[in-house]
Amino acid sequence: MNEPLILSSGKREVILDPPLLNTAGFLGFGEMAGSLMDLRKLGGLVTNPVSLRPRSPARDADVHLAAGGYLLHSGLPNPGLERTLAAHRQRWESLPLPIILHLIAQSADELDQMIMRVERETIVSAVEVGVENLAMIEAFAARARRAELPVLLRLPPEAGPQPFLQAERAGAPALSLGPPRGSWQDADGQSLSGRYYGPSLYPLALHLSQTLGRTLTIPFVAAGGVSSSRDWRALLEAGASAVQLDFPLWLQPERVWG
Amino acid sequence: MRRSQGKVESTGIDGEGKTTVHVRCSPELRPDPGQALLLLHSSRPSSMRHTVHPNKIRRGGFRMRAPDNGHWQPGDTVDLLGPIGRPFRPPERARRWLLVAFGAPVSPLLPLIDIALANGADVTLASSSRPAGLPSDVEVLRSPGEALPWADYLAACVPRKAVGELLLQLGGAGPSQLRGRSEIMVLSTLPCGIGACGICAVPTSDGWSLSCQMGPVYPLSQLRE
């Protein structure tokens, strides 16, 4: 049986058992996640991305379905950190799994404010920080290292293993693979850029995980195109400490449990 | 919201040469007019469920236009999630229904016609063409303008990106006799159906609203550009 992932900050610890999570953005804040699946099949619930201040949806929010997956562009709408905590704290207490709050920050100062605020919330077991700007890796990694609660730094996979190794050298305690960005242009010249999800990503995710499994000494959470239990078991065998699931959760989640 | 299997009972071809599919499903999955279903063909892998708005709703199930170009045949099973969202709620005493397909297919409005005629109401449809098989009682106009003063209930469907244009055409809240009696169905793809992805967000008087949760049918007065 697969080992649980134990994330620790030295002061607080969370056990993610089984080592399966959802990708941020796929189960909301847990409001209706239980209507899609048995949440006990996951070792933790990663929330939708939350920013310090409220964000509105993108005016051109859209989705493009391609042959091997889809692009999603939402603008990462959310009510801001304080309102998110107030609105969902009680619900999270009733859920049967640990809560990992996904944070998006524009600067190290913003991240600092958010982590300090979240550290006061006992219901949040860990934090995942989305790193979009690779220039922020070292600053975000340094902040993650000092946090009282466990932190996962989520990095985009497009640049290969180097950013992950850089984050480890900078002191990141744990890492996760984010979805790549992609673009599409339709026949009218309208373009869409967003995050890409789908089964066509799996070979790239496995390849990267195999490299990271040989080179990283800190835990990393793999993600990308997992469609079956065979897929996530292979990622764990490659060295990932846990796996995040995305598009199958909106389809037939039972096909992934195995 | 529930998830269950449905079965294809029969298929056909509509007036535009598109495949139509009749699905039998359990009563709790049968949508009301305006609600969506998220559908997966059990034998055809897909990364995302299809967002479906039936064009006919019956006791045992519904009819829809085939959501993909694959082959559909009786006996096929479909995995259904829904019904999603808030349906149309026509006022009980409305007797002059104006249905408007604004840059959108007519099909999501067709179930309302069955209800209107069953209730003895007169129906006018504003659409670019007359759908095949439409009851002869239903008058079809190219533009809703001339029928607005006549109507005592307005139901429209519009793609999300055209909401602003529709609001402009209706002059904001519309004629005074339609205030509080106008509903707009905002069409968009619903990737998740659980309010997680944010793709279906619509601006309203209360801030932005997720169409899969609080829509897709909104009172006209709530919509903003």
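General observations
- Check on A:Leu72, among the hydrophobic types (A, V, I, L, M, F, W, C) and within 19 Å of A:Val221 (Cβ to Cβ): no
- Counting only residues that are at negative phi, more than 14 Å from every other protein chain (Cβ to nearest Cβ) and either of a type outside the set (A, V, I, L, M, F, W, C) or out of contact with any Asp or Glu (no Cβ under 7 Å at 6 or more places or on another chain) (or both), region B:167-190 holds 14 of them.
- A single member of A:Ser209, A:Ser191, A:Ser176, A:Ser229 is modelled with pLDDT under 95 and either open to solvent by less than 30 Å² (accessible area, probe 1.4 Å) or more than 23 Å from B:Arg44 (Cβ to Cβ) (or both), and it is A:Ser191.
- Among the residues examined, A:Ser209 qualifies as among the hydroxyl-bearing types (Ser, Thr, Tyr) and within 14 Å of A:Gln244 (Cβ to Cβ).
- Positions within region B:73-86 being assigned to a loop (DSSP other than H, G, I, E, B) and closer than 22 Å to B:Val106 by Cα, in sequence order: B:Gly85
- Applying the criterion of being open to solvent by 10 Å² or more (accessible area, probe 1.4 Å) and not aliphatic (A, V, I, L, M) to the residues of region B:184-195, the residue that is farthest from the chain's Cα centre (by Cα) is B:Gly195.
- Residue pairs meeting the criteria (Cβ under 9 Å; at least 6 apart or on separate chains; first facing chain B (nearest Cβ under 10 Å) and in contact (Cβ under 8 Å) with a residue 40 or more places away in the chain, in region A:188-199; second hydrophobic (A, V, I, L, M, F, W, C) and open to solvent by 50 Å² or more (accessible area, probe 1.4 Å)): A:Gly194/A:Trp184; A:Gly198/A:Leu65; A:Gly198/A:Ala67
- Against the conditions (1) over 26 Å from A:Ser74 (Cα atoms); (2) open to solvent by less than 20 Å² (accessible area, probe 1.4 Å), B:Leu166 satisfies every one except (1).
- Residue selected from region A:232-258 under the condition more than 14 Å from every other protein chain (Cβ to nearest Cβ) and surrounded by fewer than 18 Cβ atoms within 10 Å (Cβ to Cβ), by the criterion modelled with the lowest pLDDT: A:Gly258
- For region B:24-48, the set of residues classified as hydroxyl-bearing (Ser, Thr, Tyr), surrounded by fewer than 16 Cβ atoms within 10 Å (Cβ to Cβ) and in contact with an Asp or Glu (Cβ under 9 Å, 6 or more places away or on another chain) consists of B:Ser42, B:Ser43, listed by residue number.
One line per residue, one yes/no per condition, for (1) open to solvent by less than 40 Å² (accessible area, probe 1.4 Å); (2) touching a strand residue (DSSP E or B) at 6+ places or on another chain (Cβ under 8 Å):
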position	(1), (2)
B:Ala116	yes, yes
B:Ala121	yes, yes
B:Thr124	yes, yes
B:Gly133	no, no
B:Asp137	no, yes
B:Leu141	yes, yes
B:Ala151	yes, yes
B:Cys157	yes, yes
B:Ala162	yes, no
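- Residue-level check: of (1) among the polar types (S, T, N, Q); (2) surrounded by fewer than 21 Cβ atoms within 10 Å (Cβ to Cβ); (3) under 16 Å from A:Gln252 (Cα atoms), A:Asn22 misses just (2).
- The strands (runs of 3 or more DSSP E) found wholly in region A:1-114 and carrying at least 1 residues that are within 14 Å of chain B (Cβ to nearest Cβ), closer than 26 Å to A:Leu235 by Cα and within 20 Å of the chain's Cα centre (by Cα) occupy A:20-22, A:45-50, A:69-73, A:99-104.
- Test: residue in region A:211-223 that is among the charged types (D, E, K, R), over 13 Å from A:Pro19 (Cα atoms) and within 14 Å of another protein chain (Cβ to nearest Cβ): no
- Restricting attention to region B:196-218 and to residues that are open to solvent by 30 Å² or more (accessible area, probe 1.4 Å) and more than 14 Å from B:Gly85 (Cβ to Cβ), the residue that is nearest to the other protein chains (Cβ to nearest Cβ) turns out to be B:Trp208.
- Residues of region A:115-130 that turn out to be part of a loop (DSSP other than H, G, I, E, B) and either in contact (Cβ under 8 Å) with a residue 40 or more places away in the chain or among the polar types (S, T, N, Q) (or both), as a count: 1
- Among the residues of region B:101-114, those identified as outside any helix (DSSP H, G or I), open to solvent by less than 70 Å² (accessible area, probe 1.4 Å) and out of contact with any Ser or Thr (no Cβ under 8 Å at 6 or more places or on another chain) are B:Phe102, B:Ala104.
- Test for B:Gly193: is it within 14 Å of chain A (Cβ to nearest Cβ), at pLDDT 95 or above and in contact with a Pro (Cβ under 7 Å, 6 or more places away or on another chain): no
- Scanning region B:139-155 turns up one or more residues that are within 21 Å of B:Glu92 (Cβ to Cβ), aromatic (Phe, Trp, Tyr) and either assigned to a loop (DSSP other than H, G, I, E, B) or out of contact with any helix residue (DSSP H, G or I) (no Cβ under 8 Å at 6 or more places or on another chain) (or both).
The values are calculated or read from the model by the stated rules, or taken from the named source; none is laboratory data. Remember, it's a predicted structure, so these values are computed and weren't measured experimentally. All Cβ positions, glycine included, derive from the backbone under ideal geometry; neighbour counts span all protein chains shown. Heavy atoms of the whole protein, side chains included, go into the accessibility calculation; ligands, DNA and RNA do not. Shrake-Rupley method; radii C 1.70, N 1.55, O 1.52, S 1.80 Å.
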